[in-house]
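Chemist: Below is a structure I'd like to ask you about.
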Amino acid sequence: MRAIQRFSIAILLGASLGLNFATCQALQTVDLGKLQTVAESSDFQATSLSQQVVEFLEACAMVPHVERMEIGKTVEGRPMVAAVVADPRYEWNETDSRLRILLLGNIHSGECAGKEALLALLRELARDGNHPWLADCVIFIVPNYNADANDRVGANEVHRPGQIGPAAGMGLRANAQQLDLNRDFIKLESPEARALVGLINRLDPHLFIDCHTTNGSEHQYLLTYDVPHNPTAPEPVRHYLRQRMMPAVTERLRDAGTLTFYYGNFPRGDMSSWVTYGHEPRYSTEYCGLRGRLGILSEAYSYATYRQRIEATEAFVRQCVEFVRGNADDVRQLLADVRERDVETARSAPEKVLIHLQSELTAFPDKITIAGYRDGKPHDYENVTFVSDFRPVQSVSLPFAWSFPAEMSLVAERLQMHGVLIEQLKADTELPVTVYTVNQLDETTFQGLRTTRVATSQRSETKVLPANAFVVRSAQPLARLAAYMLEPESDDGLTTWNFLDGHLAEGSDYPIVRIEKPLTDSATQAVETIRPEGRLRLEDIFGPDKVELPETSLDEFKWLDDGTGYTFQKDGRTVVLDAATGAQRGLPSTLNPRRLEEALGELKTDEQPDLAALLRGNMELRGTEQQLFLLQQDSRTFVYDARANRVQELGSDNSPAELAELDPTGTRVAW
């Protein structure tokens, strides 16, 4: 066993949450044998801020077999950091035969136990250069995915009602755009999701685990788990997870003293059924399943103590990794065979591959036993209906390819973000196609976002597809995902998320056609970069039942540098509209977390030793012009001046501030 090594790094002393090497004013030697997470150093009363996560990764990356990498930036410009554990170093090539494992924490930052558990696992791997996982695995750890929300620390009763700890507070669920990142894996509206999916494209992990905490029915499980439900995910992958991997992991955990089972809840106190969540690929693990990978959801329970949740998550992740290591050859062969079979079938007989566009939740035929409680005492509920299966209710077969006009470059761009291979026709080409007609168009909402559903009929015809029309062949590794995104009646596709708005109307043809005859390779050319075509109409974004068109001149609309949206002034504030979905969001704030930490460092009293941590979670962010930030804590009101880097309490002891309010630009405050 290699001896624990010591490394000197520049660090800041005196962390507000107790990490012994973050937010300091002097240099100190970090001993990886003594390195603690914020959870551990605070006696499980606190969780780490984003900068503390960065510094923890940097400490671990002082050893040769751990590398710190940045996979992207959050909405507010925070680095999205990952640790890559590999010996020898991973070189991003297809000849590396090691298992590739991606571990994700803090997609909902109030659910912070996964973040702390993954940091503890990283430290274990960093300490031991001869760790057995290094023999056949490359481990990618993204512990703090939702970094912006992570730093908006607030009390349990506000951010995670009913959750036991951490007592010093935790972050928020949504990101800085107010988006649920675990519903963003199709539309990729957030920079966080785009960065993570970009990593998934490059890494193509064999195993993906997403670590959460859930508020659910109280039972004897500290943690439950789930696997992809979507019937379109390759059946051999779903079968392997349900029949081989998860039963073995469950048994190993039980032998070690931890009870676990598939995720579910007793609905409203009805102990006769155990019900799961949705099947749509907007969820991370469902998305990975549709890509033909082993996707696993980990859900620790909020009624367990903070420490128990961390330890249960760490134990669960460990056993999942141990299983795939112990069955590495089977896992590699299974996933390779599924992908090869799909590609070859799509090339020769695509009608044999079914894509299930809509499904309904139903029960498995066998009853189960759930370890619960009755009158406060452990009680096993027998003959429980296991409502965790999804039955297809609408399906289509794969075509040889799909095609859509060159002016729909936004659709092509989003497919390419997912790693789907895109081509264009070299010349006008006459082909037999299936054309959909939109018979009904309905708009609904999901988590405050507008969504679209259509009902169609279809006809066959011969059609001349113009030169430069985009083509997506089904004989490619991500055909199942591409089909789910392109088919009109998919329950979680590009139609759902409004990428085809402006091209849809009742009685009109759906703009994406199915090519029902093989295309020669010479008919198309690969597209590396999507060039914007056509012109985005304001009506596509501000049309009926969308968002109100502001009273402003068109000259005031300015495109963002990255082309993902444009800005305008509304009610005195700068607003961004996503070019694909029409969703409004604020511009990233100029707030500097490190400078804020310095300013808040003085706000400690005997009554509230860490008032700063609580205030941090109650900041109202308004955009790039913002200079002042209101901070509320009980009856006290503070204002932070970002220019002067100063925090001041409004009012006085005899006359506390009331009805404090920022002006729309965030440059003045009144109370």
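Chemist: Quick test for you: out of ALA176, ALA168, pick the one residue that is under 20 Å from VAL142 (Cβ atoms) and open to solvent by 10 Å² or more (accessible area, probe 1.4 Å).
Modeler: ALA176
Chemist: Just to verify a result, which residue in segment 438-481, among those that are over 28 Å from the mean Cα position of the chain (by Cα) and among the charged types (D, E, K, R), is surrounded by the most Cβ atoms within 10 Å (Cβ to Cβ)?
Modeler: That would be LYS463.
Chemist: Can you go through PRO511, PRO518, PRO532 and tell me which one is outside any helix (DSSP H, G or I), of a type outside the set (A, V, I, L, M, F, W, C), farther than 20 Å from LEU415 by Cα and modelled with pLDDT of 50 or more?
Modeler: Going through PRO511, PRO518, PRO532 in turn, just one is outside any helix (DSSP H, G or I), of a type outside the set (A, V, I, L, M, F, W, C), farther than 20 Å from LEU415 by Cα and modelled with pLDDT of 50 or more: PRO518.
Chemist: Kindly indicate whether LEU102 is under 17 Å from ALA193 (Cβ atoms), at pLDDT 95 or above, of a type outside the set (Phe, Trp, Tyr) and open to solvent by less than 10 Å² (accessible area, probe 1.4 Å).
Modeler: It is true that LEU102 is under 17 Å from ALA193 (Cβ atoms), at pLDDT 95 or above, of a type outside the set (Phe, Trp, Tyr) and open to solvent by less than 10 Å² (accessible area, probe 1.4 Å).
Chemist: When you scan segment 348-361, do you find a residue that is touching a strand residue (DSSP E or B) at 6+ places or on another chain (Cβ under 6 Å), within 30 Å of LEU99 (Cα to Cα) and of a type in the set (A, V, I, L, M, F, W, C), even just one?
Modeler: For segment 348-361, residues touching a strand residue (DSSP E or B) at 6+ places or on another chain (Cβ under 6 Å), within 30 Å of LEU99 (Cα to Cα) and of a type in the set (A, V, I, L, M, F, W, C): present.
Chemist: Considering only segment 197-208, I want to know if a residue exists there that is polar (S, T, N, Q), touching a residue at least 24 places away in the same chain (Cβ under 8 Å) and either closer than 20 Å to PHE140 by Cβ or surrounded by 24 or more Cβ atoms within 10 Å (Cβ to Cβ) (or both).
Modeler: yes
Chemist: OK, next. Mind checking which pairs have a first residue in segment 286-309 that is within 19 Å of ILE107 (Cα to Cα) and a second that is assigned to a helix (DSSP H, G or I) and charged (D, E, K, R), Cβ under 6 Å, 6 or more apart or different chains?
Modeler: ALA300/ARG309
Chemist: Just wondering, is there one or more residues in segment 362-374 that are under 30 Å from LEU431 (Cβ atoms), open to solvent by less than 80 Å² (accessible area, probe 1.4 Å), free of Cβ contacts under 8 Å to residues at least 40 places away in the same chain and not in a strand (DSSP E or B)?
Modeler: Looking for residues that are under 30 Å from LEU431 (Cβ atoms), open to solvent by less than 80 Å² (accessible area, probe 1.4 Å), free of Cβ contacts under 8 Å to residues at least 40 places away in the same chain and not in a strand (DSSP E or B), one finds none in segment 362-374, hence no.
Chemist: While we're on this one: Inside segment 225-333, counting only helices (runs of 4 or more DSSP H) that do not spill past its ends, which hold 1 or more residues that are of a type outside the set (Ser, Thr, Tyr) and open to solvent by 10 Å² or more (accessible area, probe 1.4 Å)? Please lay out each step first, then the result.
Modeler: Details: elements: 235-240, 246-255, 284-290, 306-326.
Passing ranges, in order: 235-240, 246-255, 306-326.
Chemist: Return yes or no: is GLY448 at pLDDT 95 or above, of a type outside the set (A, V, I, L, M, F, W, C) and on the phi > 0 side of the Ramachandran plot?
Modeler: no
Chemist: Taking the conditions exactly as written (under 23 Å from SER348 (Cβ atoms) and either among the aliphatic types (A, V, I, L, M) or in contact (Cβ under 8 Å) with a residue 40 or more places away in the chain (or both)), does THR429 satisfy them or not?
Modeler: Details: under 23 Å from SER348 (Cβ atoms): yes; either among the aliphatic types (A, V, I, L, M) or in contact (Cβ under 8 Å) with a residue 40 or more places away in the chain (or both): yes.
Judged against the criteria, THR429 is a match.
Chemist: When TYR221 is evaluated against the numbered criteria (1) over 15 Å from the mean Cα position of the chain (by Cα); (2) without any contact (Cβ under 8 Å) to a residue 60 or more places away in the chain; (3) crowded, with 23+ Cβ neighbours inside 10 Å, which criterion, by number, is the only one it fails?
Modeler: Condition (2) is where TYR221 drops out.
Chemist: Taking the residues in segment 334-361 that are surrounded by 13 or more Cβ atoms within 10 Å (Cβ to Cβ) and acidic (Asp, Glu) as candidates, determine which candidate is farthest from ASN265 (Cα to Cα).
Modeler: The extreme case among them is GLU351.
Chemist: Go over the candidates VAL384, VAL411 one by one and state the one that is assigned to a helix (DSSP H, G or I) and open to solvent by less than 20 Å² (accessible area, probe 1.4 Å).
Modeler: Just a single option satisfies the conditions, and that option is VAL411.
Chemist: Restricting attention to segment 31-60, and to residues there that are open to solvent by 30 Å² or more (accessible area, probe 1.4 Å) and free of Cβ contacts under 8 Å to residues at least 40 places away in the same chain, which single residue is farthest from ASN156 (Cα to Cα)? First the steps, then the outcome.
Modeler: Going residue by residue through segment 31-60, those that are open to solvent by 30 Å² or more (accessible area, probe 1.4 Å) are 33-34, 36, 40-41, 43-45, 51, 58.
If we keep only those that are free of Cβ contacts under 8 Å to residues at least 40 places away in the same chain too, we end up with 34, 36, 41, 43.
Numbers: LYS34: 29, GLN36: 23, SER41: 20, ASP43: 17 Å.
Looking at the filtered set, the residue picked out is LYS34.
Chemist: Specify which of the listed residues (ARG160, ARG123, ARG152) is under 18 Å from ALA61 (Cβ atoms) and open to solvent by 10 Å² or more (accessible area, probe 1.4 Å). Let's see the steps before the verdict.
Modeler: Values: ARG160 fails: under 18 Å from ALA61 (Cβ atoms); ARG152 fails: under 18 Å from ALA61 (Cβ atoms).
Result of the check over ARG160, ARG123, ARG152: ARG123.
Chemist: Could I ask something else about it? Pull out all pairs, ordered by first then second residue, where Cβ-Cβ is under 8 Å, the residues are six or more apart or on different chains, the first lies in segment 139-154 and is in contact (Cβ under 8 Å) with a residue 40 or more places away in the chain and on the phi > 0 side of the Ramachandran plot, and the second is assigned to a strand (DSSP E or B) and open to solvent by 10 Å² or more (accessible area, probe 1.4 Å).
Modeler: Cβ pairs passing all conditions: none.
Chemist: Return yes when GLY419 is at pLDDT 95 or above, part of a loop (DSSP other than H, G, I, E, B), surrounded by fewer than 19 Cβ atoms within 10 Å (Cβ to Cβ) and of a type outside the set (A, V, I, L, M, F, W, C) and no when it is not.
Modeler: Details: at pLDDT 95 or above: yes; part of a loop (DSSP other than H, G, I, E, B): yes; surrounded by fewer than 19 Cβ atoms within 10 Å (Cβ to Cβ): yes; of a type outside the set (A, V, I, L, M, F, W, C): yes.
Against the criterion (at pLDDT 95 or above, part of a loop (DSSP other than H, G, I, E, B), surrounded by fewer than 19 Cβ atoms within 10 Å (Cβ to Cβ) and of a type outside the set (A, V, I, L, M, F, W, C)), GLY419 qualifies.
Chemist: In addition: Would a scan of segment 115-129 turn up a residue that is among the small types (Gly, Ala, Ser) and either out of contact with any Ser or Thr (no Cβ under 9 Å at 6 or more places or on another chain) or without any contact (Cβ under 8 Å) to a residue 60 or more places away in the chain (or both)?
Modeler: Scanning segment 115-129 turns up at least one residue that is among the small types (Gly, Ala, Ser) and either out of contact with any Ser or Thr (no Cβ under 9 Å at 6 or more places or on another chain) or without any contact (Cβ under 8 Å) to a residue 60 or more places away in the chain (or both).
Chemist: Counting just the residues of segment 94-115 that are acidic (Asp, Glu) and touching a strand residue (DSSP E or B) at 6+ places or on another chain (Cβ under 9 Å), which one comes out nearest to ALA167 (Cα to Cα)?
Modeler: The qualifying residue nearest to ALA167 (Cα to Cα) is GLU111.
Chemist: Identify, by number, the condition in (1) open to solvent by 10 Å² or more (accessible area, probe 1.4 Å); (2) of a type in the set (Ser, Thr, Tyr); (3) closer than 21 Å to ALA193 by Cα that SER97 doesn't meet.
Modeler: Failing condition for SER97: (3).
Chemist: Looking at segment 483-502, can you tell me whether even one residue there is open to solvent by 50 Å² or more (accessible area, probe 1.4 Å) and modelled with pLDDT of 95 or more?
Modeler: Scanning segment 483-502, I find no residue that is open to solvent by 50 Å² or more (accessible area, probe 1.4 Å) and modelled with pLDDT of 95 or more, so the answer is no.
Chemist: In addition: Please give the number of the condition VAL433 fails out of (1) open to solvent by less than 10 Å² (accessible area, probe 1.4 Å); (2) within 29 Å of GLY198 (Cβ to Cβ).
Modeler: Among (1) open to solvent by less than 10 Å² (accessible area, probe 1.4 Å); (2) within 29 Å of GLY198 (Cβ to Cβ), VAL433 violates only (2).
The values are calculated or read from the model by the stated rules, or taken from the named source; none is laboratory data. Note that the coordinates shown come from a computational prediction; the quantities given were computed from them, not determined experimentally. Please note: Cβ atoms are built from the backbone with ideal geometry, for glycine as well, and neighbour counts cover all protein chains shown. The area values use the complete protein model at the heavy-atom level, side chains included, leaving out ligands, DNA and RNA. Shrake-Rupley method; radii C 1.70, N 1.55, O 1.52, S 1.80 Å.
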